[in-house]
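What follows is a set of notes on a single structure, which appears directly below.
The values are calculated or read from the model by the stated rules, or taken from the named source; none is laboratory data. Here the structure is a predicted model, which is why all the values come from computation and not from measurement. Neighbour counts run over all protein chains shown; Cβ positions are idealised from the backbone, glycine included. Only protein heavy atoms, including side chains, enter the accessible area calculation; ligands, DNA and RNA are left aside. Shrake-Rupley method; radii C 1.70, N 1.55, O 1.52, S 1.80 Å.
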Amino acid sequence: EDEEGEDEDVWRLSSDEKIWLEVGWFLEFLLYTTILLIYARLAHALTSTKADDSEVSSADGDWALVGWLWGEGCFGTCISNMILLLSFLNFYSFAVITEARLEDEEYRGLFDLGTDAFSFNTLVEQNSFVIFSIISILRLVAVANHPDWRHFGATAPLRYIIGNIFMALEIFALIVSAMDWGRWQEAGKEKHMNFLWVFSARLVEMLQRNGLGVGFDRLGMIIYAHGKLLLLSIVLVFVIWIPSAGLYHVLNENGDGEGGWPDTSVWEAVLAKDGKTGEWKPWVKFESIPSSMWFVLVNLNEEHPLADAHVTFCQRLAVCFVCIFAIPIFALPVAILQDALLTLDEAPDDDDYANDQLQENMDKLHDIWEDRLYQGLATCLMVFVSIYVYFAFTARATAHWNYLGFGMKVGPKIFVLVDGGVAVIFFFEWLRHLSGGAGYLGSKLCLYDMLAFIPGFIHISVFVAQRGLLDEEKVVVDNWLCAGCMLRLLKFERYLLPLSMIGRVIYNDRGILAATFAISFILWMMFSALFYITEIPNPDGDIKDNYGSVMRTGWAEIIHLHGEYPWADFTATGKAIGAISCFFSVMLFCIPLGVAANGFQEILAAASDNQEHRDYDKRPWQVNSRRCEVGLPQTCYDLLYKHLKVEAGECLPASFCIIRFVSICMVCASLFVTLFGTIEDEQLGEFEQTFHSVAYFIDSLTSVWFTLELSMRVLAIGVAHMSSLAGLCDCLSLI
């Protein structure tokens, strides 16, 4: 009975299952990424043909149908809003039934309508399926008359299904929901997966039609124009990711160095069977490079859920290295995308107006600092004194009541005296501004000034009404009323214009912010559902608590998409989905942070253009190292560095391409041996001897090749190569 109880809480893996959990997630990640890239390439190829304006226009009736189906006019807008409403209802009902399923509840009230969660989901899903199917079929029939697709003729429906990401997702959702109905009848409605919420992706298309399409256009333009740079940065990320994983594995392979493993280094919910002895051993998270790669990837997203696993000096030194040097490199794709988005020449038509308003705000701010400096400092002092006393007041009943160094407990009487006194001062200030004219009374500054003293007056009135001056112990404190002093922060608008600046930043970049908000919202729903599905078999208690339903996964995923991984012990497929999220989704999800930072930088720096480094020669130093005399050094240079001397329109020689291809293959082969060589021999079973023979052959072959290549580089550009970073890496790889 004890063993059966343990089996319910422990995930017991065979040797093959353990290897797949170590390595399979990375293979799945590569597979899913490849599929996405192939789809993107195929969709681009199918939709790259430009429309011909000379095409014969369609009949009026066809145009009306196209307009309705693609959100044109009043009726089309109603259809689009209905699609979004049903999509969100499907997501909500799906999230609720997963929560009810987790809690083993047969009934869960929704909106107090007297219906249970499963009946509500059935009602919403079945009606949505019928409506979505009809709309999708009509779109396929009418797409040949759409101005963006009619030039494809008879192939327009097929191209639309594959080339339009929204239609592809919708067809996928309909097929999955229809195919899962059979399992529903067999396993019960509680096991059914509702994917019709995918239709919410049409939100992006709706925003494009409603004047916010500039943000999506800029996103697409940037990804297309900077595709090679983004790809290069992602390759660089791989270059820093895999060696970091090897470093983690080597330094954590023996735990704390005394045969013990910190608790966070062992996944207690998993036991793996030894291939030779048959014993059940605990899962050690750093026992191989592929296993370490997942946790290094989490670290590269600036999150350290296994910080307690690093106990020795060398282990912590490796983490410091990753934090200082590797994380900035991992952030390169995000930085490139954000910089390109925010410096793109194409901008909204009213940017001149926005820049004029920005300059006006800067001039106004300069005048304020010149004329009202001391008044602003006095206001700042009173605001912060009242807030400081409020903070001390909230800590009066705790053991850390003096953590702010106040020296005495702040009771209701002291707080009301300070709060009321500051309110009286701000009231007289408001009267002074009111005497300046009627224009002030209708301004936002008047509202901010009133909010600075009205809560304080109410606080005083309530305190006096409760006879607090006689016995403050009888006073019933209203926390919301006391917190009203925080509204005094709005007075800074008079002196620093923070709200105006924030509003201007949002207005200037409203297109990008709207686009990233829509994409982020869709990504949040998508990854919430995917992580819920992948983690259903996961026995880990923390994972069950936070991924046991879509409603709970939504909370965890909003944290993940901001680069945080407090829970990281996923299944192999969950790690693959998480890796895709790390590389692509977090990049888009965090764009608003860069937009805000860039907007404030423009305001404070007045959008200055620095040209001083444009004439600096940024070419590699190897460009000028080619020997003038004909001979072996010049030949070696052309074989290894010809790409530095190639002219525009000139093709690289075949010999250079062959050597480059062979070197890349050697690196990949050596990397394969290094990664899989860290897997324990007993896990390889009967393939142990074969693997070691192949690994020895690859190591020998790559050693000879890299030695030859290093010699050729030294011969081509001299011993200076040995002192360069590339030369040092070559020497270290051979050692």
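See the values below:
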{"quantity": "Computed label-point distance, nm, for sites residue 447 and residue 465 using a 7 Å Cα→Cβ extension", "calculated": "2.6"}
{"quantity": "Net length gained if the chain between residue 696 and residue 45 were fully extended (0.36 nm per residue, minus Cα distance)", "calculated": "230.0 nm"}
{"quantity": "Extension gain from residue 180 to residue 483, taking 0.36 nm per residue of separation minus the Cα-Cα distance", "calculated": "103.9 nm"}
{"quantity": "FRET efficiency, residue 665 to residue 409 (Cβ-Cβ, R0 56 Å, nearest 0.05)", "calculated": "0.15"}
{"quantity": "Sorted peptide list for 571-579, 539-547, 651-659, 630-638, criterion being average Cβ within 10 angstrom, highest first", "calculated": "571-579, 539-547, 630-638, 651-659"}
{"quantity": "Estimated FRET transfer efficiency (residue 85, residue 655; beta-carbon r; R0 51 Å; 0.05)", "calculated": "0.20"}
{"quantity": "Protection proxy ranking, peptides 419-428, 287-296, 34-43, 126-135, average beta carbon neighbours within 10 Å, highest first", "calculated": "287-296, 419-428, 126-135, 34-43"}
{"quantity": "Efficiency of FRET between residue 38 and residue 629 - r from beta-carbon atoms, R0 45 angstrom, step 0.05", "calculated": "0.40"}
{"quantity": "Rounded to the nearest 10 Å², the accessible area of residue 661 at probe 1.4 Å", "calculated": "130"}
{"quantity": "Net charge over other residues, Cβ less than 10 angstrom from the Cβ of residue 283 (K, R count +1; D, E count -1)", "calculated": "-1"}
{"quantity": "Long-range HN-HN contacts of residue 270 with modeled amide H, under 5 Å", "calculated": "11, 283"}
{"quantity": "Accessible surface ranking that places the most exposed of 101, 488 first, with a 1.4 angstrom probe", "calculated": "101, 488"}
{"quantity": "Accessible heavy-atom area order of 621, 149, highest first, probe of 1.4 Å", "calculated": "621, 149"}
{"quantity": "For residue 672, solvent-accessible area (1.4 Å; no DNA, RNA or ligand), Å²", "calculated": "100"}
{"quantity": "Accessible surface ranking that places the most exposed of 120, 517 first, with a 1.4 angstrom probe", "calculated": "517, 120"}
{"quantity": "Residue 377 accessible area, 1.4 Å probe, all protein chains in place, Å² to nearest 10", "calculated": "100"}
